[in-house]
Structures are given as C-alpha cells and as structure tokens.
Amino acid sequence: MLLSINDLSVRFATAAGTADAVASLSFAIEEGETLAIVGESGSGKSVSALAIMGLVPNPPGRVTSGQIVFRRRNGSTEDLLRASSARLRDIRGNEIAMVFQEPLAALSPVFTIGEQIAESLRLHQRKSHADAMRMAVRMLGSLGISEPEMRARSYPHQISGGMAQRVMIAMAMACRPRLLIADEPTTALDVTIQAEILSLIRQMKEETGMAVLFITHNLGVVAQIADRVAVMYAGRLVEEGPTKQIFSSPRMPYTSGLLASVPRLVTDDSPLVLSAIPGEPPSPLAHPRGCAFHPRCRYAVKGLCDTTPPPLRDLGNGQAARCLRIDEIVGGAT
Amino acid sequence: MSLTWLSRRLLLMAYTMLVVAVLVFAITQVLPADAAVTLLGQNATPAALLALRQKLGLTDPTWLQFWHWLWSLLHGNFGTSMRTGLPVGPTMFAALSRSLLLAACSILLMLVIAVPLGVLAALRRGSALDVFASLVSYLGISVPEFVTATFVLVVLADRLGWLPATGYVPLSQHFADGVRHLIAPVLTISLVLIAHVARMMRSETIDVLASDYVRAAQLKGLLRRTVLVRHVLRNALLPVVTVVALDVGYLLGGIIVVEEIFAIPGIGRELLIAIQNRDLPSIQAGALIMAGTYAVANLLADIAYALLDPRLRYD
C-alpha cells in the first residue's frame with residue numbers, strides 16, 4: 001500500500017454556512033497503480049487531492065478527521081495530516097508531486113521554465129544551479145519537447161498550453177516521485193494534446209513505476225489510463241472498483257448515469273443516445289438526507305432512500321458501491 | 001529589452017519634452033508680465049522700455065523668440081533670472097538636487113514601511129495589523145499633505161521638541177543636523193506614498209497568494225519563507241513599480257506644498273518664488289525641469305518593469 005486515506009473529512013466554513021466538501025472518505029492506492037477519482041465539480045475530488053498535499057486553504061477549509069498514511073521511499077510510513085511541516089516539505093515535490101488543470105497559471109510568470117524545473121532538483125537533491133539546469137533540459141528533451149535548451153530559457157508567456165502541461169509534468173517528475181497527483185491535467189487542453197499528455201503520463205509511469213492519482217470528470221480519459229476507478233458524489237465515495245468492471249457493470253445508479261452520459265460514435269444501427277443525469281449536483285452546503293443522490297435517482301424509493309444513508313458495501317470482487325437497493329438493481333442499470 | 005526599444009523610448013521622451021517646451025513657452029507668453037517692466041521698474045520711460053525690449057528680443061515674432069529660447073535651452077542655457085540676475089540653470093538644478101534628496105528619502109522610507117506592511121496585512125487578513133494598515137492607508141490617501149505637515153510640525157517640533165521646525169541644512173555641511181531637518185518633510189511626503197503602496201501591495205499579495213503558481217511552489221516542498229520571497233513578493237511587486245512611477249507625479253506637486261511649509265529651498269519653492277516675482281525665465285526653467293523629472297521617472301519605471309517582468313521585454 002503506497003497511500004491509504006481513512007475516514008477523511010474536510011469542512012469549509014463559508015458565509016452561507018459550513019460545507020462538508022469531503023465526508024469520511026477512505027480509499028487506497030497501491031504502488032505503481034493508477035487510480036482515477038471521478039465526479040462532477042463540487043464532488044470533493046480536488047479537495048481530497050489538496051488534503052493529501054496538506055494544502056487545503058485554511059481558512060476557510062479545515063480537515064476535521066481522518067488519516068492519510070503514505071509509505072515513504074525508505075519504507076517508513078507517515079500520516080500526512082500529522083507530520084511536521086519539515087517532513088511534509090521533504091515529501092512534497094520529492095515523493096509526491098502534482099500537476100494542475102491550468103498549466104499556464106501554475107507557472108510563475110517571472111522565472112524561466114528551466115529555472116522552475118530546476119528549483120525542486122536543487123531543493124531535494126541538492127544539485128548545483130548548473131547541474132539542475134542541465135537536468136531540467138534533459139527532462140524537457142525526454143518529454144518530447146524540441147530544442148529543450150532553448151525552451152528551458154523561455155518564459156511561461158512564450159509557450160502554449162500543451163507545452164506548459166509538459167513543463168508541469170517535467171516539474172512534477174523532476175525528483176522521480178512515487179505518487180503523481182494529476183488534477184484534471186487534460187481538461188483545459190485540445191483533444192489531440194490531451195492524448196499526448198495522457199501517453200506522456202503513461203510513459204513516465206512505465207519508466208519510474210510511480211503511482212498516479214488521476215482526478216477527472218472525463219470518463220473517456222479514465223478508460224484510457226486508470227487501473228481502478230473511484231466515483232465521488234457529494235463529498236463521498238459512492239462506487240469503487242477495477243476500471244473494466246466499473247465500465248461493464250456499474251452498481252450505483254450515479255455511476256451508471258455518468259457512463260450513459262458519455263457520447264458515443266453514431267453508427268447506422270445504433271443512433272446516438274445521449275442521456276443526461278437529471279437535476280444538478282447538490283450544494284455542498286446542504287447535502288440531501290439519506291442517500292445524497294436520491295433526488296436525481298430514478299430508482300429512489302420514498303421512505304428509504306431519502307431517510308437512510310447507504311453504507312459502502314463491499315461486493316467481493318474488488319468492487320464496492322453505496323446503494324440501498326443494490327440487490328434489486330442487478331446487472332448495471334442504465 | 002532591446003536597444004531599439006530603448007532608443008524608441010528615448011525618442012518619445014524627447015518628443016514629449018518638446019511638446020512640454022511649447023506649452024511652457026505658450027503659457028508664459030500669455031502671462032501678464034512684461035520683462036522690461038520687471039527689470040526697469042514702473043517708472044521707466046517708454047523709450048528705455050522699448051530699447052530694452054529690442055535688446056531682449058521681445059519685439060521679434062513669437063516663433064523667432066521661441067526658437068531663440070529653445071536654441072539656448074539645447075545648449076544648456078536656461079536664461080538669466082530677472083529677480084537675482086544670476087543664471088537660472090544652476091540655481092534650478094541645485095534646488096532640484098535638494099528636492100530629489102527629499103523625494104529619494106521619502107521613497108526609501110515608503111518602501112521600507114509599505115512593502116512589509118502590505119504583505120503582512122495580506123498574510124494576516126482581518127487581524128489587528130490589517131485593520132491598522134487600512135487605517136493608515138485611508139488616512140494617507142484622504143488627508144491633504146498641508147494638514148499632515150501641520151500635524152507633524154505641531155507634534156514633533158512644537159509639543160515634543162524633537163525636531164527643528166523648519167529650514168534646510170545641507171548634509172555635506174552638517175550631516176546629523178541635515179538629517180534632523182529632513183525627518184519632518186520626509187514623514188509628511190511618505191505618508192501618502194505609504195498609503196498608496198501598502199494598499200496596492202496588500203491586494204496584489206492576496207491575489208498572488210491565491211494563484212496556482214504559488215500553490216505549485218509550495219508543492220515543490222519549498223520553505224514558506226522561500227515561497228514568499230521568491231514567488232509571492234517578486235510577482236506582487238510588479239504593479240507597485242507603476243504606482244511608484246505615478247506617485248512621482250504626485251510628489252512633484254506635493255513637494256511644492258511641503259517645501260513651502262518646511263522652508264526647504266527645493267525646486268517647488270524656487271518655482272513658487274519665481275511665480276510670485278513674475279520671473280519668467282525661472283518659471284519656464286522650473287516647469288521644464290519638473291516635467292523632465294517626471295519623464296525620466298517614467299522612463300526609469302518602464303526600464304525597471306521590463307527588467308522585473310519578462311512579459312514586458314519588448315523586442
């Protein structure tokens with residue numbers, strides 16, 4: 001086990017009240033595994049990632065309970081929520097790294113790309129400026145960037161979004177982390193660039209054996225990259241399992257709804273059917289009682305789903321789902 | 001920043017100065033001041049006045065007068081003061097050097113106080129320090145400098161007796177005394193500057209702190225201090241350069257009032273005396289030098305900006 005999150009809760013205090021952004025979330029990532037966390041905006045997936053990095057903005061956010069246990073390179077384990085800031089700094093950028101959705105915004109406008117990649121090498125591997133810059137150039141080259149020497153001397157405003165995401169990956173990969181957290185890394189990019197970035201992440205994974213926590217709302221991306229999928233809704237994990245299984249037999253109606261809302265190619269004998277999940281994701285300020293998904297669920301039953309919060313049930317085959325009517329809705333409801 | 005950019009920028013400055021020269025000349029032309037009357041007094045005979053006017057070139061067509069004036073300006077000759085009979089240039093530049101000392105001290109004090117104050121206020125939003133910084137800012141922005149100056153005089157010089165009330169002692173003559181004479185005017189001028197810059201610094205820091213690149217810097221495992229200095233401060237300072245450059249404009253106006261109150265023989269006071277005495281060459285020189293100072297300050301700000309922000313390294 002590389003990382004295991006137990007009973008994590010994150011609460012935000014806003015002017016309109018407290019919002020449970022993440023509610024007793026538990027999941028684990030094995031060494032070398034790619035886990036995709038899927039969910040709509042506001043489902044708590046990005047906040048979970050920030051909690052792992054210890055960067056939940058405080059105020060207004062606060063981790064109210066839980067453990068985030070990370071196994072370090074030297075074999076020791078560390079609860080990231082309780083580790084000293086010196087330990088956290090030692091892990092950040094070194095053993096756990098992160099890439100964001102808006103790569104251009106994640107690069108400081110006043111430093112060259114090379115300097116920004118070299119920064120963590122100088123910090124964690126105590127490289128000299130010249131050595132770190134040489135390594136940064138090599139890194140850019142290995143990520144398929146042409147003329148890496150020239151690029152290393154460029155400033156962020158001189159490069160495209162796709163190039164910036166490669167630079168972000170180079171920055172994240174500089175110290176060969178054991179876990180890469182990718183928060184919607186392809187969402188802001190063109191479709192063709194998206195594919196390139198995904199294969200780049202796969203390539204890095206093969207080269208270094210790192211694990212990837214891939215946060216996305218794009219199921220197409222999940223199918224391409226993830227070993228396992230965790231679906232989040234209203235701050236909770238609602239379904240989890242191996243990617244193939246989740247795609248072929250989802251057991252939670254929300255997962256089924258997500259899968260059904262992915263557009264598919266139209267052929268003569270199967271016209272395009274694009275179904276959307278009715279309604280909107282609930283406000284984190286007021287999660288519905290009972291099952292948080294019940295107001296949008298076509299299987300919801302009065303007197304049951306709106307009163308009893310469903311437990312996450314282990315289905316035995318590596319899959320787990322949170323639905324009270326799981327036994328009645330058999331075989332991947334759509 | 002390329003040489004072409006710099007030369008284009010210098011050319012633009014020269015053009016600006018030419019326009020300023022035309023304006024200054026035009027304004028002094030319409031002033032109800034007759035140089036001959038100023039020089040010879042009210043009781044001079046018309047014949048003597050005419051002779052002097054011809055000698056001074058005042059009977060020439062206006063464009064020719066302008067040309068003569070501009071030509072001597074380009075040769076560093078600002079004319080002769082009608083009040084003292086001394087060359088205007090050296091007097092004005094000596095006065096300018098005293099004003100620049102005052103301005104430089106004020107800007108320095110401002111940077112030392114306003115930048116940390118703004119950053120700390122941003123880091124501890126809603127704290128007592130933040131409230132205090134806001135209070136100082138509102139005071140500085142809303143209270144005119146003649147009120148601040150009077151207040152500083154009454155408290156520091158009169159009630160507490162810590163400082164000399166007015167006057168100017170060159171630092172080269174008596175350093176400690178010179179510094180003591182500078183404190184009150186510098187405090188007065190820097191309050192407004194501190195107000196502007198602390199506010200700017202606070203809001204910029206808040207914006208930069210929320211940016212993805214600061215988060216990315218934290219995620220590299222950098223020390224909080226390193227993140228603050230290298231990434232937050234460096235980016236938050238950029239717009240402050242512009243504010244400081246714009247404030248030079250304010251300084252030039254404010255300095256007239258402050259120099260008058262504290263009896264400092266700077267360019268502002270010299271200009272005021274020139275106007276009171278209808279000393280045309282001094283007025284022209286004073287106005288031109290002030291405009292020139294502003295233009296140079298803007299150029300320096302542009303260069304500083306280009307050095308600090310790679311996005312503005314115009315090619």
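The values are calculated or read from the model by the stated rules, or taken from the named source; none is laboratory data. Everything numeric in this text was worked out from a predicted model, so none of it was measured. Please note: Cβ atoms are built from the backbone with ideal geometry, for glycine as well, and neighbour counts cover all protein chains shown. Please note that ligands, DNA and RNA were not included when accessible areas were found on the heavy atoms of the full protein model with its side chains. Shrake-Rupley method; radii C 1.70, N 1.55, O 1.52, S 1.80 Å.
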*Flag for B:Gly178 being more than 14 Å from chain A (Cβ to nearest Cβ), part of a helix (DSSP H, G or I) and more than 19 Å from the chain's Cα centre (by Cα)*: yes
*Spot the failing condition for A:Asp7; the list is (1) open to solvent by 10 Å² or more (accessible area, probe 1.4 Å); (2) more than 25 Å from B:Arg124 (Cα to Cα); (3) in contact with a Lys or Arg (Cβ under 7 Å, 6 or more places away or on another chain); (4) not in a loop (DSSP other than H, G, I, E, B), and only one is missed.*
(3)
*Considering only region A:86-113, how many residues are farther than 30 Å from B:Ala306 by Cβ, of a type in the set (Gly, Ala, Ser) and over 18 Å from the mean Cα position of the chain (by Cα)?*
1
_Top-ranked residue of region B:73-112 - restricted to ones that are open to solvent by 50 Å² or more (accessible area, probe 1.4 Å) and of a type in the set (Ser, Thr, Tyr), ranked as nearest to the chain's Cα centre (by Cα)_ = B:Ser97
*Among the residues of region B:224-247, how many are under 19 Å from B:Ala291 (Cα atoms) and either open to solvent by less than 20 Å² (accessible area, probe 1.4 Å) or within 14 Å of chain A (Cβ to nearest Cβ) (or both)?*
2
*Specify which of the listed residues (B:Ala128, B:Ala149, B:Ala165) is farther than 30 Å from A:Pro57 by Cα and open to solvent by 20 Å² or more (accessible area, probe 1.4 Å).*
B:Ala165
*Tell me, yes or no, whether region A:73-87 has at least one residue that is in the same structural domain as A:Ile215 (by TED's automatic domain parsing), among the β-branched types (Val, Ile, Thr) and farther than 23 Å from A:Arg11 by Cα.*
yes
_The conditions are (1) within 27 Å of A:Ala51 (Cα to Cα); (2) free of Cβ contacts under 8 Å to residues at least 60 places away in the same chain, and A:Ala172 fails exactly one of them. Which is it?_
(2)
*Take A:Arg62 and decide whether it is free of Cβ contacts under 8 Å to residues at least 60 places away in the same chain, more than 13 Å from chain B (Cβ to nearest Cβ), open to solvent by 20 Å² or more (accessible area, probe 1.4 Å) and among the charged types (D, E, K, R).*
yes
*Answer yes or no: is there a residue in region B:86-94 that is touching a residue at least 60 places away in the same chain (Cβ under 8 Å), in contact with a Leu (Cβ under 7 Å, 6 or more places away or on another chain) and hydroxyl-bearing (Ser, Thr, Tyr).*
no
*Would you check if A:Arg153 is farther than 20 Å from A:Ala223 by Cβ and over 17 Å from the mean Cα position of the chain (by Cα)?*
yes
*Matching residues, region A:119-145, being away from every other protein chain (no Cβ under 11 Å) and charged (D, E, K, R)*: A:Arg126, A:Lys127, A:Asp131, A:Arg134, A:Arg138
_I'd like the residue in region A:29-80 that is basic (Lys, Arg) and out of contact with any helix residue (DSSP H, G or I) (no Cβ under 9 Å at 6 or more places or on another chain) and, out of all such residues, is nearest to A:Gly257 (Cα to Cα)._
A:Lys45
*If you go through region A:71-94 one residue at a time, how many are of a type outside the set (A, V, I, L, M, F, W, C) and open to solvent by less than 10 Å² (accessible area, probe 1.4 Å)?*
1
_Verdict on A:Gln116 being within 9 Å of chain B (Cβ to nearest Cβ) and either assigned to a helix (DSSP H, G or I) or charged (D, E, K, R) (or both)_ = yes
*Does region A:146-156 include one or more residues that are more than 11 Å from every other protein chain (Cβ to nearest Cβ), outside any helix (DSSP H, G or I), open to solvent by less than 20 Å² (accessible area, probe 1.4 Å) and of a type in the set (A, V, I, L, M, F, W, C)?*
no
*Looking only at region A:83-113, count how many residues are facing chain B (nearest Cβ under 7 Å) and either part of a loop (DSSP other than H, G, I, E, B) or among the polar types (S, T, N, Q) (or both).*
10
*Condition broken by A:Ala182, with the remaining ones in (1) within 14 Å of another protein chain (Cβ to nearest Cβ); (2) over 30 Å from A:Ala276 (Cα atoms); (3) in contact with a strand residue (DSSP E or B) (Cβ under 6 Å, 6 or more places away or on another chain) satisfied*: (2)
_Subset of region A:164-179 [part of a helix (DSSP H, G or I) and basic (Lys, Arg)]_ = A:Arg166
*Could you grab me the full set of residues in region A:277-333 that are more than 18 Å from A:Val229 (Cα to Cα) and among the polar types (S, T, N, Q)?*
A:Ser283, A:Thr307, A:Thr308
*State yes or no: is A:Arg122 within 21 Å of A:Tyr155 (Cβ to Cβ), of a type in the set (Lys, Arg) and either touching a helix residue (DSSP H, G or I) at 6+ places or on another chain (Cβ under 7 Å) or open to solvent by 20 Å² or more (accessible area, probe 1.4 Å) (or both)?*
yes
*Within region B:58-72, can one find any residue that is over 22 Å from B:Ala297 (Cβ atoms), open to solvent by 60 Å² or more (accessible area, probe 1.4 Å) and charged (D, E, K, R)?*
no
*Taking interchain pairs and intrachain pairs at least six residues apart, which have beta carbon atoms under 6 angstrom, with the first residue in region A:99-115 and over 13 Å from B:Asn235 (Cα atoms) and the second hydrophobic (A, V, I, L, M, F, W, C) and assigned to a strand (DSSP E or B)?*
A:Val99/A:Ala182
*Scan region B:261-311 for residues that are open to solvent by 50 Å² or more (accessible area, probe 1.4 Å), without any contact (Cβ under 8 Å) to a residue 12 or more places away in the chain and within 14 Å of chain A (Cβ to nearest Cβ) and report the count.*
1
*Subset of region B:193-210 [within 25 Å of B:Ala104 (Cβ to Cβ) and open to solvent by 50 Å² or more (accessible area, probe 1.4 Å)]*: B:His196, B:Arg199, B:Met200, B:Arg202
*Do you know which residues across region A:33-49 are open to solvent by 20 Å² or more (accessible area, probe 1.4 Å) and at pLDDT below 90?*
A:Glu40, A:Ser41, A:Gly42, A:Ser46, A:Val47
*State all residues of region A:19-50 that are among the charged types (D, E, K, R) and either farther than 22 Å from A:Pro284 by Cα or in a strand (DSSP E or B) (or both); if no residue qualifies, say none.*
A:Asp20, A:Glu30, A:Glu31, A:Glu33
